[in-house]
Each structure stands twice: as C-alpha cells, then as structure tokens.
Amino acid sequence: MELGFGAEYDAFRQEVRDFIGQHWPPADGNLKSRENERAFVIAATERGYLHRAIPKRFGGSEQAADIGKAEIIREELTKARAPAGRIPGNGLVVPTLLEWGTEDQKDRFIAPTLRGDIVWAQGFSEPNAGSDLASLRTKAELVGDKWIINGQKIWTTHAHKATHMFCLVRTEPDAPKHAGISYLLIDIRQPGVTVRPLVQMTRQKEFNEVFFDNAETPADMLVGERGRGWNVTRSTLKHERSGISSMTWSLSMFRDLVKMAKEVERDGAPAIKDPRIREELAAIEGQLMSLTYSTYRATSHDMHDRDIGPFQTMPKLYMTELAGRISRLARDIIEDDFTDMGGARLKWIERFMISLSMSIAGGTSNIQRNIIAERGLGLPRDRSQGAGA
Ligand SMILES: Cc1cc2nc3c(=O)[nH]c(=O)nc-3n(C[C@H](O)[C@H](O)[C@H](O)COP(=O)(O)OP(=O)(O)OC[C@H]3O[C@@H](n4cnc5c(N)ncnc54)[C@H](O)[C@@H]3O)c2cc1C
C-alpha cells in the first residue's frame, strides 16, 4: 500500500520544507526567543502557511480551505519544532469569534491576538463545574452599560500571562441549567480580578484560580446572544479537542522514546535489547500506525466532503491513551530513577505527568468514552452527563 497525498501535495510539502529550512532554526540559534518566534510566525503567515482560514483584514493568510495542505504544514512544523503561532487560549477564541463575534469584536480582537499583543485565558471550569460545565455559578449582572461579574474560575491555563479571558457566566439565574449561560470577553488586568497560581505535580505553575469581585466588562463584550452562550461554547470545545488530538505530537514522542531505548543501558546492554521493552515498543508502533492511517483516512474523507462518521469522536481519547502508554514505557526504561532528575530523564518524567493531565484537559477520558458510546455507537444517553472544558 502506498500512502500519500499525491504529486501536487508532495511538491507543496517540499515547498514548506524549503521555507522552514530558510527560516528555522533562527540565525542566532535561540529557539525560545519571543522575537524569533514572532518573526517566524509573521513570515509563515505572509507566505500563506499559518492562520490560513483567517481573512487578511484580520491579519490571517486568507487561503482557500485545503485540509491536505493544512495537515502537511502541521506535520512539517512539528517535525522541525518550528513555532505554529498557537498560544492555547488564542487558538480557541479566534475561530469562536470568527463564527459568533460581532464585526466590532472581530476588528478589535483578532489581529492583536494573532500578533500576540492580546493573550487569552479560558474561563470555563469552576470548583463544582468541570465535566458538568453547565452547573457553573459565576454570575454577571447587566448594570447600565456594563456587566458586573462575581464568582470563581479554576484550572485557568496561563491566566497569569493572559490579558483577557473568554468566560462563561450565569446571566439568567432562574433559567434552566443550560439556558442561562452567556459568553463574555473580559479584560483580566483590572482591580476586580485576582489570579492565584496553582502548583502542578511537574512543579510548574501553568494554571490558576481566578476570582472576580465586582469585575467589569462593557455590555458589548457579549459573544452571541444573552443566555445562549452554551451554543457558542460548543464551537470553542470543538477546536480544543481537535487541537489536543493531533497525532504529530505522539509520533515525535515515539521517535524520542526509541532513541532513548537505544541510549539507556539495562544490565550492561541498551534497553532496546530487552525483549519485554521491544515487545511494548512494537505494540506502540502498531497503535501509532493505526492512528496515522485512521487519521489519513479521515483527512481523505474530509477532503472529499464525505462524512467521517464515528471517527471524529475518537482521536482525542486514542491520542491521550497512546501518550500515556509511551510515557509509561519511558518511565519503565528509566526505571523510576527519580534521584537523577537532570536533562532527558526529567523531560520524560514531566511527559509522564503531562500525559495524566491530558486525560483530564479538554474533557476527561470517561466523558470522551460517553461521547463515543452515544454519538458514535448510538448507545443510550448517560443522564448525568454535561460537557467538559
Ligand atoms: C492541564 C489542564 C488544563 C486545563 N485548562 C483549563 C482552562 O484553561 N480553562 C478551564 O476552564 N478549564 C481548564 N481545565 C479544567 C478541565 O477542563 C477540567 O478539569 C475537566 O473538564 C474535568 O473537570 P473536573 O476537574 O471538575 O473533574 P470532574 O468533572 O469532577 O470529574 C472527576 C472524575 O469523574 C468522572 N466523571 C464526571 N462525570 C462523569 C460522567 N458523566 N460519566 C463518567 N465519568 C464522569 C471524570 O471522568 C473524572 O474522572 C484544565 C485541566 C487540565 C488538566
């Protein structure tokens, strides 16, 4: 079997590779510098490789939709570890604003977001509203021409770096659970907002609790209709799950795993010689191949406007399980040597811990199983189920 996108796409892939080869890594070799990343993102956008679906007037590339080209760009950028211009919250709010925002909201927020001048945090989860997101209680009252917001959010990734939050609030306290929710844009660098970091088991501080105490946002910062924010949220969640499910991440992690298995010694021989490890590596590679083929199959169906059926519900769960399996094997190869926390070992231990968080972020694995059972397999609905952030 020969798998590929065809000659036209092969030529496009070469073009993208050449472009990346000229622009990344940057001349001074500093992969983490904000200026270098920004310069690359601007050049790639001008060339038509990034922000492809976004009109030029909002700072995008305005290319015709082409799923094959989008996939090729994603693969090549990931392979070269080049910046893809994606800051987590930004990738969610921009498509949501394109779909639901007023012209004024699009004009004010999209271009500065793509430039990185505005950075967004996602204010969905609350202490008692995660999977059952519609139970959220943070409230907003319209007083004159402003919304006054009170309540608390939790697990807010990058809120400490963000300038703004797209936030779900309860605006109709007496309406049924899903009906009284609105979607607001809030400047979070104001006196009424307190951002408190939560320390993760990786020792990083990536997410936060956020408290609103009479915080304010103008009346026209409502996205979609008042009390109809649940529909707007569905768009955001769709983009979140497809972002998490990209297979390129697990492919590059697997390559690193094989490399480590060749380098790390067990009983005087490279770990890759151990039959149990070889067997597990082979099983993982088999799963990766099936994920790759299934993803290409779905891409091909998508390119030809054919329904991909139940497959669209599977990748997030499958990828999460695979990332867990890869990082568990890495941990076994390292043999839980937590005393040596330097360099490559620390990276793998962190990856292991991150794989656990992936099974929660963007809707937990149990919730994904429910979705597959109900929407994919047509099984009866779980009466207690909401939707995760
Ligand atoms: C790395 C990371 C980043 C995050 N970033 C953000 C962010 O930026 N903004 C934001 O708003 N939120 C964010 N979250 C929060 C995330 O969306 C929630 O943690 C998630 O939706 C689960 O909610 P919960 O933590 O309240 O768990 P719960 O909903 O309390 O779930 C606890 C357990 O019960 C299970 N469960 C619950 N309901 C059902 C059901 N009906 N059927 C079967 N099992 C069920 C779950 O699967 C889980 O195992 C982030 C989380 C993580 C891990």
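Read-outs throughout are calculated quantities, based only on the coordinates presented, and are distinct from any laboratory measurement. Being a predicted model, the structure only gives us computed values, none of them experimental. With ideal geometry, Cβ positions are generated from the backbone for all residues, glycine too; neighbour counts draw on all protein chains shown.
Key figures
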quantity: Only Lys, Arg (+1) and Asp, Glu (-1) charged, at Cβ; the range 151-310 dipole about Cα centre in debye; calculated: 180 debye
quantity: Candidate aspartates and glutamates - alpha carbon under 15 Å from K259, same-chain residues fewer than 8 apart omitted; calculated: D274, E280, E285, D332
quantity: Residue-span extension gain [K56 to A344] - 0.36 nm each, minus C-alpha spacing; calculated: 99.5 nm
quantity: Over the chain, relative contact order from alpha-carbon pairs under 8 Å, at least 6 apart, %; calculated: 13 percent
quantity: Cα gyration tensor category, rounded, prolate or oblate, for the range 1-104 with a/c compared to 1.5; calculated: oblate
quantity: Length gained when the stretch Q204-T163 is fully extended (0.36 nm per residue, less Cα-Cα span); calculated: 12.7 nm
quantity: Extension gain (nm, one decimal) between I360 and A39, 0.36 nm per residue minus Cα-Cα; calculated: 112.2 nm
quantity: Distance between the range 189-232 and the range 74-120 - C-alpha centres, whole angstrom; calculated: 18 Å
quantity: Label point distance in nm, L142-R74, each placed 7 Å from Cα along Cα→Cβ; calculated: 3.8 nm
quantity: Nearest 10 degrees, 0 to 90: helix 7-23 Cα axis against the chain principal axis; calculated: 80 degrees
quantity: Computed P(r) (all Cα pairs; the range 3-62; 5 Å bins; percent); calculated: 4, 18, 20, 19, 19, 12, 6, 1
quantity: Burial ranking of peptide ranges 220-228, 93-101 (average Cβ count within 10 Å, highest at the top); calculated: 93-101, 220-228
quantity: Spatial extent of the range 152-290: Rg and Dmax, with the Cα atoms as the point set, Å; calculated: 22.8, 69
quantity: Kirkwood-Stokes translational diffusion coefficient of the range 75-162, alpha-carbon pairs, 4 °C, 1.567 mPa s, µm²/s; calculated: 85 µm²/s
quantity: Long-range HN-HN contacts of G363 with modeled amide H, under 5 Å; calculated: A389
quantity: Estimated [θ] at 222 nm from DSSP helical runs (n ≥ 4, -39500 (n - 2.57)) normalised by residues in the chain, nearest 500; calculated: -15000 deg cm²/dmol
quantity: Between helix 229-244 and the chain: long-axis angle, C-alpha atoms, 0 to 90°, nearest 10; calculated: 10 degrees
quantity: In sequence order, calculated HN-Hα J values of the range 95-103 (Karplus, 6.51, -1.76, 1.60; Hz; x Gly/Pro); calculated: x, 5, 5, 4, 7, 10, x, 6, 4
quantity: Farthest positive-ward along the range 16-109 dipole, Cα basis, beta-carbon charges - from A65, L31, P95; calculated: L31
quantity: Charge tally in the Cβ shell below 11 Å around V119, where Lys, Arg are +1 and Asp, Glu are -1, V119 excluded; calculated: +2
quantity: Phi to ³J(HN,Hα) by Karplus 6.51 cos²θ - 1.76 cosθ + 1.60 over the range 29-35, Hz, x for Gly, Pro; calculated: x, 7, 6, 9, 5, 4, 5
quantity: Electrostatic dipole magnitude of the range 242-316 [Cβ: Lys, Arg +1; Asp, Glu -1; Cα centre; debye, to 20]; calculated: 60 debye
quantity: Using alpha-carbon coordinates, inclination of helix 275-303 to the longest axis of the chain, degrees; calculated: 50 degrees
quantity: Calculated diffusion of the chain, Stokes-Einstein form, Kirkwood radius summed over Cα pairs, 10 °C and 1.306 mPa s, µm²/s; calculated: 70 µm²/s
quantity: Sequence-separation-based contact order of the range 146-228, relative, with Cα cut under 8 Å and 6+ spacing, percent; calculated: 42 percent
